[in-house]
Amino acid sequence: MSSGEAFSGSKVAILDFGSQYTQVIARRVRECRVYSEILPFNAAPETVRRTGARGVILSGGPASVFSADAPLLNPEIFDLNLPVLGICYGVQLFAHFLRGRVEYSERREYGPGHLKTTGRSPLFEGLPDEFQVWNSHGDKVTALPPGFSAIGVTENSPYAAIAHVERKLYGLQFHPEVAHTPLGKEILENFLYRICGCQGDWTMGSFIEQTCREISARVGRDKAVLGLSGGVDSSVAAALLHRALGDRLTCIFVNNGLLRAREAETVQRVFGENFHIKLRYVDASRRFLTKLRGVTDPEQKRKIIGEEFIRVFEETTRELKAHDSGEGRYHYLAQGTLYPDVIESVAIAGNPAALIKSHHNVGGLPEKMDFELIEPLRQLFKDEVRQVGLELELPREIVFRQPFPGPGLGVRILGEITEERLSILRQADEIVVSEMKAADWYYKVWQSFAILLPIRSVGVMGDQRTYDNTVAVRIVESQDGMTADWVRIPYEILARLSARIINEVTGVNRVCYDISSKPPSTIEWE
Ligand code: XMP
(Lines give C-alpha, C1' and ligand atoms only; values in the text may rest on other atoms or scores of the structure.)
Protein backbone atom coordinates (compact mmCIF):
# COMPACT_ATOMS: atom_id res chain seq x y z
CA MET A 1 0.00 0.00 0.00
CA SER A 2 1.25 3.48 -0.62
CA SER A 3 -0.47 5.98 1.57
CA GLY A 4 0.34 8.83 -0.82
CA GLU A 5 -1.69 7.27 -3.61
CA ALA A 6 -4.81 8.06 -1.71
CA PHE A 7 -3.67 11.51 -0.66
CA SER A 8 -6.57 13.61 -1.83
CA GLY A 9 -4.91 17.03 -1.72
CA SER A 10 -2.85 18.69 -4.44
CA LYS A 11 -0.08 16.68 -5.96
CA VAL A 12 2.28 16.63 -8.91
CA ALA A 13 4.03 13.80 -10.72
CA ILE A 14 7.77 13.89 -11.37
CA LEU A 15 9.01 11.81 -14.28
CA ASP A 16 12.52 10.58 -13.51
CA PHE A 17 14.96 10.79 -16.41
CA GLY A 18 17.89 9.79 -14.23
CA SER A 19 18.91 13.12 -12.75
CA GLN A 20 20.93 12.99 -9.58
CA TYR A 21 18.53 15.72 -8.45
CA THR A 22 15.23 13.89 -8.94
CA GLN A 23 14.79 13.28 -5.23
CA VAL A 24 15.80 16.86 -4.52
CA ILE A 25 13.01 18.06 -6.84
CA ALA A 26 10.55 15.86 -4.92
CA ARG A 27 11.81 17.31 -1.63
CA ARG A 28 11.54 20.91 -2.86
CA VAL A 29 7.99 20.34 -4.07
CA ARG A 30 7.00 18.87 -0.74
CA GLU A 31 8.62 21.81 1.02
CA CYS A 32 6.05 23.87 -0.89
CA ARG A 33 3.47 21.63 0.84
CA VAL A 34 2.50 19.92 -2.37
CA TYR A 35 2.66 16.16 -2.45
CA SER A 36 4.97 14.80 -5.15
CA GLU A 37 5.33 11.36 -6.57
CA ILE A 38 8.29 10.14 -8.63
CA LEU A 39 7.37 7.95 -11.60
CA PRO A 40 9.62 6.28 -14.17
CA PHE A 41 10.34 8.42 -17.25
CA ASN A 42 8.23 6.20 -19.50
CA ALA A 43 5.14 6.17 -17.26
CA ALA A 44 1.95 5.79 -19.29
CA PRO A 45 -0.24 8.90 -19.52
CA GLU A 46 -3.00 6.89 -17.88
CA THR A 47 -0.74 6.18 -14.88
CA VAL A 48 0.02 9.87 -14.51
CA ARG A 49 -3.67 10.73 -14.81
CA ARG A 50 -4.63 8.15 -12.19
CA THR A 51 -2.34 9.72 -9.59
CA GLY A 52 -4.59 12.77 -9.72
CA ALA A 53 -1.56 14.99 -10.34
CA ARG A 54 -2.31 18.59 -11.22
CA GLY A 55 0.96 18.99 -13.04
CA VAL A 56 4.00 17.11 -14.29
CA ILE A 57 7.68 17.87 -13.78
CA LEU A 58 10.25 16.33 -16.11
CA SER A 59 13.49 15.86 -14.22
CA GLY A 60 16.82 16.49 -15.83
CA GLY A 61 19.12 13.65 -16.70
CA PRO A 62 22.55 12.86 -18.04
CA ALA A 63 21.32 11.48 -21.37
CA SER A 64 21.16 13.06 -24.81
CA VAL A 65 17.99 12.74 -26.89
CA PHE A 66 20.34 11.67 -29.69
CA SER A 67 21.66 8.56 -28.01
CA ALA A 68 20.16 5.24 -29.02
CA ASP A 69 19.07 4.35 -25.51
CA ALA A 70 17.86 7.83 -24.53
CA PRO A 71 15.07 7.71 -21.96
CA LEU A 72 12.11 9.17 -23.86
CA LEU A 73 8.70 9.94 -22.50
CA ASN A 74 5.41 8.95 -23.99
CA PRO A 75 4.54 12.16 -25.89
CA GLU A 76 0.86 11.67 -25.13
CA ILE A 77 1.78 13.03 -21.70
CA PHE A 78 1.58 16.44 -23.41
CA ASP A 79 -2.03 15.71 -24.37
CA LEU A 80 -3.19 15.23 -20.78
CA ASN A 81 -3.87 18.96 -20.62
CA LEU A 82 -1.75 19.20 -17.51
CA PRO A 83 0.86 21.90 -16.97
CA VAL A 84 4.37 20.54 -17.52
CA LEU A 85 7.65 21.91 -16.22
CA GLY A 86 10.67 20.49 -18.06
CA ILE A 87 13.99 20.90 -16.29
CA CYS A 88 17.29 20.72 -18.22
CA TYR A 89 16.95 17.49 -20.27
CA GLY A 90 13.19 18.07 -19.92
CA VAL A 91 13.56 21.14 -22.19
CA GLN A 92 15.26 19.03 -24.84
CA LEU A 93 12.27 16.69 -24.71
CA PHE A 94 9.90 19.56 -25.52
CA ALA A 95 12.00 20.51 -28.53
CA HIS A 96 12.41 16.89 -29.61
CA PHE A 97 8.74 15.92 -29.44
CA LEU A 98 6.96 19.19 -30.22
CA ARG A 99 8.82 19.98 -33.44
CA GLY A 100 11.57 22.30 -32.29
CA ARG A 101 15.26 21.62 -32.84
CA VAL A 102 17.91 20.27 -30.49
CA GLU A 103 21.58 20.24 -31.37
CA TYR A 104 24.02 17.74 -30.06
CA SER A 105 26.69 19.18 -27.84
CA GLU A 106 29.93 17.45 -26.87
CA ARG A 107 30.30 19.55 -23.76
CA ARG A 108 27.99 20.17 -20.86
CA GLU A 109 27.37 23.74 -19.82
CA TYR A 110 28.00 23.57 -16.14
CA GLY A 111 28.08 26.24 -13.44
CA PRO A 112 26.53 29.55 -12.50
CA GLY A 113 24.76 31.85 -14.94
CA HIS A 114 22.61 34.98 -14.95
CA LEU A 115 19.08 34.74 -16.21
CA LYS A 116 17.36 37.81 -17.66
CA THR A 117 13.64 37.45 -17.94
CA THR A 118 12.04 38.58 -21.19
CA GLY A 119 8.44 39.71 -20.95
CA ARG A 120 6.11 38.64 -18.17
CA SER A 121 5.42 35.08 -17.20
CA PRO A 122 3.51 33.55 -14.28
CA LEU A 123 6.56 31.32 -13.71
CA PHE A 124 8.67 34.34 -12.77
CA GLU A 125 5.93 36.38 -11.08
CA GLY A 126 7.29 38.34 -8.13
CA LEU A 127 10.93 37.69 -9.10
CA PRO A 128 13.47 40.35 -10.14
CA ASP A 129 14.22 40.82 -13.85
CA GLU A 130 17.61 39.25 -13.41
CA PHE A 131 18.78 36.51 -11.07
CA GLN A 132 21.38 33.84 -10.56
CA VAL A 133 20.83 30.29 -11.82
CA TRP A 134 22.74 27.03 -11.88
CA ASN A 135 23.29 25.35 -15.24
CA SER A 136 24.10 21.75 -15.91
CA HIS A 137 22.97 20.57 -19.32
CA GLY A 138 24.35 19.00 -22.46
CA ASP A 139 22.54 19.44 -25.78
CA LYS A 140 21.17 22.83 -26.76
CA VAL A 141 17.77 23.85 -28.07
CA THR A 142 18.41 25.84 -31.27
CA ALA A 143 14.84 26.35 -32.49
CA LEU A 144 11.69 26.55 -30.39
CA PRO A 145 8.70 24.35 -31.11
CA PRO A 146 5.67 26.21 -32.58
CA GLY A 147 3.74 28.19 -29.97
CA PHE A 148 6.72 28.49 -27.60
CA SER A 149 8.55 31.69 -26.79
CA ALA A 150 11.61 32.52 -24.73
CA ILE A 151 10.81 33.88 -21.27
CA GLY A 152 14.42 34.07 -20.10
CA VAL A 153 17.91 34.26 -21.59
CA THR A 154 21.40 33.71 -20.22
CA GLU A 155 24.85 34.68 -21.50
CA ASN A 156 25.06 31.38 -23.37
CA SER A 157 21.51 30.61 -24.32
CA PRO A 158 18.66 32.54 -25.91
CA TYR A 159 16.34 29.73 -24.77
CA ALA A 160 17.32 29.35 -21.12
CA ALA A 161 13.64 29.54 -20.13
CA ILE A 162 10.81 28.86 -22.56
CA ALA A 163 7.04 28.65 -22.40
CA HIS A 164 3.95 27.74 -24.35
CA VAL A 165 1.59 29.87 -22.31
CA GLU A 166 -1.76 28.52 -23.55
CA ARG A 167 -0.74 24.90 -23.10
CA LYS A 168 1.01 25.71 -19.81
CA LEU A 169 4.25 24.04 -20.90
CA TYR A 170 7.36 25.52 -19.30
CA GLY A 171 11.01 24.64 -19.77
CA LEU A 172 14.07 25.66 -17.78
CA GLN A 173 17.53 24.87 -19.00
CA PHE A 174 18.85 25.51 -15.48
CA HIS A 175 18.08 23.73 -12.20
CA PRO A 176 15.57 25.54 -9.96
CA GLU A 177 15.78 22.75 -7.36
CA VAL A 178 19.38 23.29 -6.26
CA ALA A 179 20.61 25.77 -3.67
CA HIS A 180 22.83 27.47 -6.29
CA THR A 181 19.64 28.84 -7.86
CA PRO A 182 18.72 30.98 -4.84
CA LEU A 183 15.25 31.90 -6.12
CA GLY A 184 14.51 28.37 -7.30
CA LYS A 185 11.95 27.76 -4.58
CA GLU A 186 9.95 30.82 -5.68
CA ILE A 187 9.99 29.52 -9.27
CA LEU A 188 8.73 26.11 -8.17
CA GLU A 189 6.06 27.75 -6.01
CA ASN A 190 4.88 29.78 -8.99
CA PHE A 191 4.64 26.64 -11.08
CA LEU A 192 2.79 24.73 -8.38
CA TYR A 193 0.42 27.41 -7.12
CA ARG A 194 -0.10 29.80 -10.05
CA ILE A 195 0.23 27.44 -13.00
CA CYS A 196 -0.97 24.09 -11.64
CA GLY A 197 -3.43 25.58 -9.15
CA CYS A 198 -2.12 23.46 -6.25
CA GLN A 199 -3.22 24.35 -2.73
CA GLY A 200 -0.25 23.66 -0.48
CA ASP A 201 -2.22 21.25 1.70
CA TRP A 202 0.40 18.52 2.21
CA THR A 203 1.29 18.55 5.89
CA MET A 204 2.40 15.84 8.24
CA GLY A 205 -0.86 16.22 10.13
CA SER A 206 -2.86 15.53 6.96
CA PHE A 207 -0.57 12.61 6.13
CA ILE A 208 -1.10 11.01 9.54
CA GLU A 209 -4.86 11.43 9.44
CA GLN A 210 -5.19 10.07 5.94
CA THR A 211 -2.79 7.15 6.47
CA CYS A 212 -4.56 6.09 9.66
CA ARG A 213 -7.91 6.13 7.89
CA GLU A 214 -6.52 4.01 5.07
CA ILE A 215 -4.84 1.51 7.36
CA SER A 216 -7.88 0.96 9.52
CA ALA A 217 -10.12 0.59 6.46
CA ARG A 218 -7.72 -1.93 4.96
CA VAL A 219 -7.04 -4.03 8.05
CA GLY A 220 -10.65 -3.99 9.15
CA ARG A 221 -11.06 -6.40 12.06
CA ASP A 222 -7.82 -8.24 11.36
CA LYS A 223 -4.50 -7.71 13.11
CA ALA A 224 -0.97 -6.62 12.22
CA VAL A 225 2.54 -7.38 13.44
CA LEU A 226 5.57 -5.15 13.16
CA GLY A 227 9.26 -5.85 13.80
CA LEU A 228 10.39 -3.07 16.09
CA SER A 229 14.13 -2.38 16.22
CA GLY A 230 14.09 0.84 18.20
CA GLY A 231 15.45 2.72 15.17
CA VAL A 232 13.65 5.78 13.79
CA ASP A 233 11.80 4.12 10.91
CA SER A 234 10.32 1.15 12.70
CA SER A 235 9.52 3.29 15.75
CA VAL A 236 7.58 5.84 13.71
CA ALA A 237 5.81 3.07 11.80
CA ALA A 238 4.86 1.48 15.14
CA ALA A 239 3.46 4.73 16.54
CA LEU A 240 1.51 5.39 13.35
CA LEU A 241 0.04 1.90 13.17
CA HIS A 242 -0.79 2.01 16.83
CA ARG A 243 -2.74 5.21 16.25
CA ALA A 244 -4.66 3.46 13.45
CA LEU A 245 -5.14 0.02 14.97
CA GLY A 246 -4.69 0.29 18.73
CA ASP A 247 -4.57 -3.18 20.24
CA ARG A 248 -4.82 -4.88 16.89
CA LEU A 249 -1.13 -4.09 16.39
CA THR A 250 1.51 -6.26 18.06
CA CYS A 251 5.15 -5.21 17.87
CA ILE A 252 7.88 -7.81 18.09
CA PHE A 253 11.17 -6.71 19.56
CA VAL A 254 13.98 -9.25 19.28
CA ASN A 255 16.91 -8.92 21.66
CA ASN A 256 19.76 -10.49 19.68
CA GLY A 257 22.26 -9.98 22.47
CA LEU A 258 24.08 -7.41 20.33
CA LEU A 259 22.18 -4.35 21.52
CA ARG A 260 23.65 -1.25 23.11
CA ALA A 261 23.46 -0.58 26.83
CA ARG A 262 19.87 -0.22 28.08
CA GLU A 263 18.46 -0.55 24.55
CA ALA A 264 15.99 -3.29 25.42
CA GLU A 265 14.80 -1.43 28.53
CA THR A 266 14.33 1.84 26.63
CA VAL A 267 12.22 0.23 23.92
CA GLN A 268 10.06 -1.55 26.48
CA ARG A 269 9.64 1.61 28.49
CA VAL A 270 8.80 3.90 25.58
CA PHE A 271 6.54 1.57 23.61
CA GLY A 272 5.15 -0.70 26.27
CA GLU A 273 4.72 1.65 29.21
CA ASN A 274 4.34 5.08 27.60
CA PHE A 275 2.48 4.20 24.42
CA HIS A 276 0.74 1.08 25.70
CA ILE A 277 1.58 -0.69 22.48
CA LYS A 278 1.23 -4.46 22.65
CA LEU A 279 4.84 -5.50 22.68
CA ARG A 280 6.19 -9.01 22.39
CA TYR A 281 9.73 -8.87 23.79
CA VAL A 282 11.76 -11.89 22.74
CA ASP A 283 15.07 -12.35 24.50
CA ALA A 284 16.96 -14.51 22.03
CA SER A 285 20.43 -13.34 23.04
CA ARG A 286 21.53 -16.80 24.15
CA ARG A 287 20.58 -18.29 20.78
CA PHE A 288 22.43 -15.64 18.80
CA LEU A 289 25.58 -15.73 20.89
CA THR A 290 25.71 -19.52 20.78
CA LYS A 291 25.45 -19.48 17.00
CA LEU A 292 28.18 -16.83 16.82
CA ARG A 293 30.64 -18.64 19.05
CA GLY A 294 34.04 -18.96 17.36
CA VAL A 295 32.94 -17.04 14.24
CA THR A 296 35.36 -14.32 13.14
CA ASP A 297 34.58 -13.70 9.48
CA PRO A 298 32.51 -10.47 9.07
CA GLU A 299 30.26 -11.78 6.29
CA GLN A 300 29.67 -15.01 8.16
CA LYS A 301 28.66 -13.07 11.26
CA ARG A 302 26.23 -10.91 9.30
CA LYS A 303 24.71 -13.97 7.68
CA ILE A 304 24.22 -15.79 10.97
CA ILE A 305 22.68 -12.75 12.65
CA GLY A 306 20.35 -12.10 9.69
CA GLU A 307 19.19 -15.70 9.41
CA GLU A 308 18.69 -16.13 13.11
CA PHE A 309 16.62 -12.96 13.22
CA ILE A 310 14.33 -14.27 10.50
CA ARG A 311 13.95 -17.57 12.36
CA VAL A 312 13.07 -15.91 15.66
CA PHE A 313 10.68 -13.51 13.96
CA GLU A 314 8.92 -16.30 12.11
CA GLU A 315 8.59 -18.43 15.22
CA THR A 316 7.12 -15.52 17.13
CA THR A 317 4.58 -14.65 14.46
CA ARG A 318 3.63 -18.32 14.20
CA GLU A 319 2.97 -18.36 17.93
CA LEU A 320 0.88 -15.21 17.66
CA LYS A 321 -1.15 -16.75 14.86
CA ALA A 322 -1.57 -20.00 16.78
CA HIS A 323 -3.04 -18.10 19.68
CA ASP A 324 -5.26 -15.90 17.56
CA SER A 325 -8.20 -15.20 19.76
CA GLY A 326 -11.13 -12.89 19.65
CA GLU A 327 -12.02 -11.13 16.45
CA GLY A 328 -9.76 -11.06 13.41
CA ARG A 329 -6.54 -12.80 12.44
CA TYR A 330 -2.89 -11.77 12.19
CA HIS A 331 -2.88 -11.13 8.50
CA TYR A 332 -0.70 -8.03 8.03
CA LEU A 333 3.00 -7.35 8.41
CA ALA A 334 4.03 -3.70 8.75
CA GLN A 335 7.46 -2.38 7.83
CA GLY A 336 9.09 1.04 8.08
CA THR A 337 10.39 1.14 4.49
CA LEU A 338 11.18 4.69 3.34
CA TYR A 339 10.91 6.40 -0.03
CA PRO A 340 14.61 6.39 -0.93
CA ASP A 341 14.52 2.59 -0.47
CA VAL A 342 11.73 2.07 -2.96
CA ILE A 343 12.31 4.56 -5.78
CA GLU A 344 13.15 2.67 -8.92
CA SER A 345 16.13 4.67 -10.09
CA VAL A 346 16.52 4.88 -13.83
CA ALA A 347 19.35 2.64 -14.91
CA ILE A 348 21.07 4.67 -17.58
CA ALA A 349 24.74 5.32 -17.98
CA GLY A 350 25.90 8.20 -15.86
CA ASN A 351 23.01 8.13 -13.42
CA PRO A 352 24.62 8.14 -9.98
CA ALA A 353 21.28 7.42 -8.31
CA ALA A 354 21.08 4.10 -10.15
CA LEU A 355 24.54 3.12 -8.98
CA ILE A 356 23.69 3.87 -5.38
CA LYS A 357 20.54 1.81 -5.61
CA SER A 358 22.37 -1.30 -6.81
CA HIS A 359 24.25 -1.75 -3.58
CA HIS A 360 21.59 -0.46 -1.27
CA ASN A 361 20.26 -3.53 0.41
CA VAL A 362 16.83 -3.08 1.95
CA GLY A 363 17.03 -6.66 3.21
CA GLY A 364 15.30 -7.90 6.31
CA LEU A 365 12.53 -10.44 6.27
CA PRO A 366 12.01 -13.33 3.88
CA GLU A 367 9.91 -12.65 0.81
CA LYS A 368 7.56 -15.52 1.43
CA MET A 369 5.72 -14.88 4.63
CA ASP A 370 2.11 -15.55 5.12
CA PHE A 371 1.25 -11.87 5.51
CA GLU A 372 0.18 -8.92 3.44
CA LEU A 373 2.59 -6.00 3.67
CA ILE A 374 1.76 -2.58 5.05
CA GLU A 375 4.43 0.06 4.46
CA PRO A 376 2.96 3.34 5.66
CA LEU A 377 6.19 5.34 5.26
CA ARG A 378 6.86 4.29 1.69
CA GLN A 379 6.23 7.77 0.37
CA LEU A 380 8.31 9.68 2.91
CA PHE A 381 11.85 10.93 3.14
CA LYS A 382 13.82 10.54 6.36
CA ASP A 383 13.24 14.06 7.62
CA GLU A 384 9.52 13.74 6.92
CA VAL A 385 9.48 10.50 8.92
CA ARG A 386 11.05 12.41 11.79
CA GLN A 387 8.35 15.07 11.58
CA VAL A 388 5.69 12.38 11.69
CA GLY A 389 7.41 10.90 14.75
CA LEU A 390 7.36 14.25 16.52
CA GLU A 391 3.68 14.80 15.68
CA LEU A 392 2.95 11.38 17.12
CA GLU A 393 4.78 12.47 20.28
CA LEU A 394 7.62 10.00 20.13
CA PRO A 395 10.48 11.16 22.36
CA ARG A 396 13.17 13.21 20.64
CA GLU A 397 15.82 10.70 21.67
CA ILE A 398 14.14 8.18 19.39
CA VAL A 399 13.13 10.52 16.58
CA PHE A 400 16.62 11.96 16.17
CA ARG A 401 18.70 8.95 17.09
CA GLN A 402 21.62 7.98 14.93
CA PRO A 403 21.38 4.95 12.63
CA PHE A 404 22.35 1.65 14.22
CA PRO A 405 23.05 -1.38 12.02
CA GLY A 406 20.81 -4.43 12.12
CA PRO A 407 23.68 -6.74 13.17
CA GLY A 408 24.29 -4.34 16.07
CA LEU A 409 27.47 -4.50 18.11
CA GLY A 410 28.24 -7.74 16.26
CA VAL A 411 29.89 -5.74 13.47
CA ARG A 412 31.66 -3.43 15.92
CA ILE A 413 33.57 -6.17 17.69
CA LEU A 414 36.29 -7.25 15.32
CA GLY A 415 36.88 -10.96 15.50
CA GLU A 416 34.99 -13.28 17.80
CA ILE A 417 32.01 -12.00 19.74
CA THR A 418 32.07 -12.91 23.42
CA GLU A 419 30.05 -11.77 26.44
CA GLU A 420 33.14 -10.12 27.88
CA ARG A 421 33.86 -8.16 24.71
CA LEU A 422 30.23 -7.13 24.44
CA SER A 423 30.34 -5.80 27.96
CA ILE A 424 33.51 -3.78 27.27
CA LEU A 425 32.10 -2.34 24.06
CA ARG A 426 28.76 -1.45 25.66
CA GLN A 427 30.48 0.56 28.35
CA ALA A 428 32.77 2.33 25.88
CA ASP A 429 29.91 3.06 23.51
CA GLU A 430 27.77 4.48 26.27
CA ILE A 431 30.56 6.89 27.18
CA VAL A 432 30.87 8.02 23.54
CA VAL A 433 27.13 8.63 23.27
CA SER A 434 26.80 10.43 26.58
CA GLU A 435 29.84 12.68 25.99
CA MET A 436 28.64 13.53 22.49
CA LYS A 437 25.26 14.47 23.88
CA ALA A 438 26.78 16.48 26.74
CA ALA A 439 28.95 18.42 24.27
CA ASP A 440 25.95 19.04 21.97
CA TRP A 441 27.52 17.13 19.12
CA TYR A 442 25.46 13.93 19.06
CA TYR A 443 22.65 15.32 16.91
CA LYS A 444 25.00 17.23 14.62
CA VAL A 445 26.74 14.17 13.22
CA TRP A 446 25.54 11.14 11.27
CA GLN A 447 27.00 8.57 13.65
CA SER A 448 29.35 8.44 16.63
CA PHE A 449 30.28 5.12 18.17
CA ALA A 450 32.97 2.85 19.57
CA ILE A 451 34.55 -0.23 18.01
CA LEU A 452 36.42 -2.89 19.96
CA LEU A 453 39.62 -4.06 18.25
CA PRO A 454 41.05 -7.53 18.78
CA ILE A 455 44.40 -5.98 19.58
CA ARG A 456 46.06 -5.71 22.93
CA SER A 457 48.85 -3.30 23.67
CA VAL A 458 51.04 -2.36 26.57
CA GLY A 459 50.16 0.47 28.91
CA VAL A 460 50.85 1.63 32.41
CA MET A 461 48.27 2.41 35.06
CA GLY A 462 49.53 3.60 38.42
CA ASP A 463 52.64 1.54 38.90
CA GLN A 464 51.24 -1.41 37.03
CA ARG A 465 52.04 -2.52 33.52
CA THR A 466 48.87 -3.35 31.59
CA TYR A 467 48.29 -5.38 28.49
CA ASP A 468 44.77 -4.52 27.40
CA ASN A 469 42.30 -3.90 24.59
CA THR A 470 42.08 -1.02 22.14
CA VAL A 471 38.90 0.91 21.40
CA ALA A 472 38.49 2.91 18.20
CA VAL A 473 36.12 5.87 18.08
CA ARG A 474 34.35 6.64 14.80
CA ILE A 475 32.50 9.93 14.33
CA VAL A 476 31.28 10.65 10.82
CA GLU A 477 29.17 13.14 8.92
CA SER A 478 27.08 12.00 5.98
CA GLN A 479 23.91 12.81 4.05
CA ASP A 480 22.69 9.29 3.45
CA GLY A 481 25.36 6.84 4.63
CA MET A 482 26.56 6.22 1.07
CA THR A 483 29.54 8.52 1.45
CA ALA A 484 30.94 9.90 4.68
CA ASP A 485 33.77 11.90 6.15
CA TRP A 486 35.28 11.82 9.62
CA VAL A 487 34.29 14.74 11.79
CA ARG A 488 36.90 17.29 12.78
CA ILE A 489 35.67 17.11 16.33
CA PRO A 490 37.29 19.46 18.88
CA TYR A 491 40.32 17.90 20.58
CA GLU A 492 38.83 18.54 24.02
CA ILE A 493 35.95 16.18 23.27
CA LEU A 494 38.31 13.49 22.01
CA ALA A 495 40.43 13.98 25.10
CA ARG A 496 37.40 13.52 27.37
CA LEU A 497 36.22 10.44 25.51
CA SER A 498 39.62 8.85 25.67
CA ALA A 499 40.22 9.67 29.34
CA ARG A 500 36.82 8.37 30.42
CA ILE A 501 36.98 5.16 28.39
CA ILE A 502 40.45 4.28 29.64
CA ASN A 503 39.68 5.18 33.26
CA GLU A 504 36.20 3.72 33.50
CA VAL A 505 36.19 0.65 31.27
CA THR A 506 38.18 -2.17 32.73
CA GLY A 507 40.14 -3.95 30.05
CA VAL A 508 40.85 -0.94 27.81
CA ASN A 509 44.13 0.98 27.92
CA ARG A 510 44.20 2.67 24.51
CA VAL A 511 41.78 4.74 22.38
CA CYS A 512 42.26 5.66 18.70
CA TYR A 513 40.28 8.05 16.49
CA ASP A 514 39.33 6.78 13.03
CA ILE A 515 40.29 9.37 10.38
CA SER A 516 39.17 7.48 7.27
CA SER A 517 36.50 8.66 4.87
CA LYS A 518 34.01 6.56 2.95
CA PRO A 519 34.97 5.61 0.29
CA PRO A 520 37.42 3.95 0.41
CA SER A 521 36.63 2.89 4.00
CA THR A 522 33.12 2.06 5.18
CA ILE A 523 31.37 3.56 8.18
CA GLU A 524 31.07 0.30 10.11
CA TRP A 525 34.30 -1.65 10.52
CA GLU A 526 32.81 -4.96 9.43
P1 XMP B 1 28.72 1.14 5.82
O2 XMP B 1 29.41 0.43 6.92
O3 XMP B 1 28.32 0.25 4.69
O4 XMP B 1 27.36 1.69 6.45
O5 XMP B 1 29.47 2.35 5.33
C6 XMP B 1 26.50 2.63 5.86
C7 XMP B 1 25.36 2.90 6.81
O8 XMP B 1 24.54 1.75 6.92
C9 XMP B 1 24.50 1.26 8.26
N10 XMP B 1 24.59 -0.19 8.17
C11 XMP B 1 23.55 -1.02 8.32
N12 XMP B 1 22.26 -0.79 8.61
N13 XMP B 1 21.81 -3.09 8.57
C14 XMP B 1 21.41 -1.83 8.73
O15 XMP B 1 20.22 -1.63 9.01
C16 XMP B 1 23.09 -3.42 8.26
O17 XMP B 1 23.43 -4.59 8.11
C18 XMP B 1 23.99 -2.31 8.14
N19 XMP B 1 25.33 -2.25 7.85
C20 XMP B 1 25.66 -0.94 7.89
C21 XMP B 1 25.70 1.90 8.94
O22 XMP B 1 25.51 2.02 10.34
C23 XMP B 1 25.80 3.21 8.22
O24 XMP B 1 24.90 4.17 8.76
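The values are calculated or read from the model by the stated rules, or taken from the named source; none is laboratory data. Since the model is a prediction, treat every value here as computed from it, not as a measurement. Cβ atoms come from the backbone with ideal geometry, glycine included; neighbour counts cover every protein chain shown.
Things worth noting here:
- Among the residues making up region 482-526, a single one is surrounded by 18 or more Cβ atoms within 10 Å (Cβ to Cβ), within 12 Å of the ligand (Cβ to nearest atom) and part of a strand (DSSP E or B): 484.
- Of the residues screened, residue 400 is one that is within 16 Å of the ligand (Cβ to nearest atom), more than 16 Å from residue 288 (Cα to Cα) and touching a Phe, Trp or Tyr at 6+ places or on another chain (Cβ under 7 Å).
- Residue within region 222-243 that is over 30 Å from residue 451 (Cα atoms), part of a loop (DSSP other than H, G, I, E, B) and modelled with pLDDT under 95 present: no
- Checked against the criterion of being among the basic types (Lys, Arg), in contact (Cβ under 8 Å) with a residue 12 or more places away in the chain and either away from the ligand (no atom under 16 Å from the Cβ) or touching a Leu at 6+ places or on another chain (Cβ under 7 Å) (or both), the candidates 456, 465 yield just one match: 456.
- Residues within region 53-68 that are modelled with pLDDT under 95 and over 15 Å from residue 138 (Cβ atoms), tallied: 1
- When region 92-140 is filtered for residues that are crowded, with 19+ Cβ neighbours inside 10 Å, of a type in the set (Val, Ile, Thr) and under 14 Å from residue 162 (Cα atoms), the ones remaining, listed by number, are 102, 117.
- Candidate set: region 470-481, residues that are in a strand (DSSP E or B) and either out of contact with any strand residue (DSSP E or B) (no Cβ under 9 Å at 6 or more places or on another chain) or under 14 Å from residue 412 (Cα atoms) (or both); chosen: the one nearest to the ligand (Cβ to nearest atom): 474
- Test for residue 421: is it under 22 Å from residue 306 (Cα atoms), of a type in the set (D, E, K, R) and either in contact with a Lys or Arg (Cβ under 8 Å, 6 or more places away or on another chain) or within 15 Å of the ligand (Cβ to nearest atom) (or both): no
- For region 320-340, the condition holds for no residue, the condition being that it is within 16 Å of the ligand (Cβ to nearest atom), at pLDDT 95 or above, assigned by TED's automatic domain parsing to the domain that holds residue 385 and among the hydrophobic types (A, V, I, L, M, F, W, C).
- Residue ID - nearest to residue 81 (Cα to Cα), chosen from residues in region 178-202 that are in a loop (DSSP other than H, G, I, E, B) and touching a Ser or Thr at 6+ places or on another chain (Cβ under 9 Å): 196
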